[in-house]
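A short worksheet on the structure shown next.
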């Protein structure tokens, strides 16, 4: 158990809808990363938050947004969903804002857009 | 700019034989390099990391990797494969301690173990 909790584990929704994925980092970790994993794109970095502030953006669509709350949990909001958004979404946390520390991954949210 | 290339999308070995998963990287900084493993329906777990200390890094489950700057490689090895090693393996490069830095994942290598 990595200590990172993601909910829900599975999510099935329809095109055009909006969903929210939730991540609770390990106790004391200030950094939260979001990744999208799909068969054709592999593991894609989406966004990084540190202590409530956005630190880096990757291949995140404008239809997607994220935030990190004062209690350090994070939410990834996906709107106007398309079939191609179906993927496994991972959250990872680390204690450090930099990139030299290892990441602790949650078990992911499997999103299916029908 | 940073990049990482995993040279094999799929590797299949027999149980008890050596494992070699190849990774080449490119980085403008002195890189930190990692190997992560992902078992089916699980999140990723760190196997080992290199951060400019010893060039031969030992990880969990008997895996190790050697940093070779001249070859820009960070190949993952294990002397004797076990059935439980069947999983997806990701080589990761990161570098710099800035807000704009990103962690770059390779495309993954699926390791299959034959009985």
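Here, each number is a calculation from the coordinates, and none is a lab measurement. Remember, it's a predicted structure, so these values are computed and weren't measured experimentally. Positions of Cβ are backbone-derived with ideal geometry, glycine not excepted, and every protein chain shown enters the neighbour counts.
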Averaged over the residues of A:47-53, the number of partner chain Cβ atoms within 10 Å of each residue's own Cβ comes to 1
Can you put A:71, B:8 in order of Cβ neighbours within 10 angstrom, beginning with the fewest? A:71, B:8
When only Cα pairs under 8 Å and 6 or more residues apart are kept, what is the percent relative contact order across chain A? 37
Ascending count of other beta-carbon atoms within 10 Å, so fewest first, for A:90, B:34: A:90, B:34
Sort A:9, B:42, A:102 so that the residue with the fewest other Cβ atoms within 10 Å of its own Cβ comes first and the one with the most comes last. A:9, B:42, A:102
Determine by what factor the alpha-carbon radius of gyration of the protein assembly as shown differs from 2.2 N^0.38 Å, reporting the quotient. 1.01
Using a Gaussian network model of chain A whose springs link C-alpha atoms within less than 10 Å, name the residue from A:44, A:68, A:36 with the highest mean-square fluctuation. A:44
When chain B is treated as a GNM, springs tying every alpha-carbon pair under 10 Å, which of B:62, B:43, B:16 comes out with the largest mean-square fluctuation? B:43
If you average the sequence gap of Cα pairs under 8 Å that are 6 or more apart and divide by the length of the stretch B:3-114, what percent do you get for the contact order? 37
Counting other chain Cβ atoms within 10 Å of each Cβ in A:101-110 and taking the mean gives 5
Computed over the stretch A:16-65, the relative contact order (Cα-Cα under 8 Å, seq sep at least six) in percent reads 24
Give, in nm to one decimal, the length gained when the segment between residue B:68 and residue B:5 is fully stretched (0.36 nm per residue of separation minus the Cα-Cα distance). 21.2 nm
Just the Cα atoms of chain A: what Rg and Dmax do they give in Å? 13.1, 39
If you take each beta carbon of peptide B:43-51 and count the beta carbons of other chains within 10 angstrom, what is the mean? 5
Expressed in angstrom, Rg and Dmax over the Cα atoms of chain B are 13.7, 46
Report for the stretch B:3-114 the percent antiparallel among DSSP-assigned beta bridges with both residues inside it, nearest 5. 85
Within a Gaussian network of chain B (alpha carbon springs, distance under 10 Å), most fluctuating of B:40, B:79, B:18: B:40
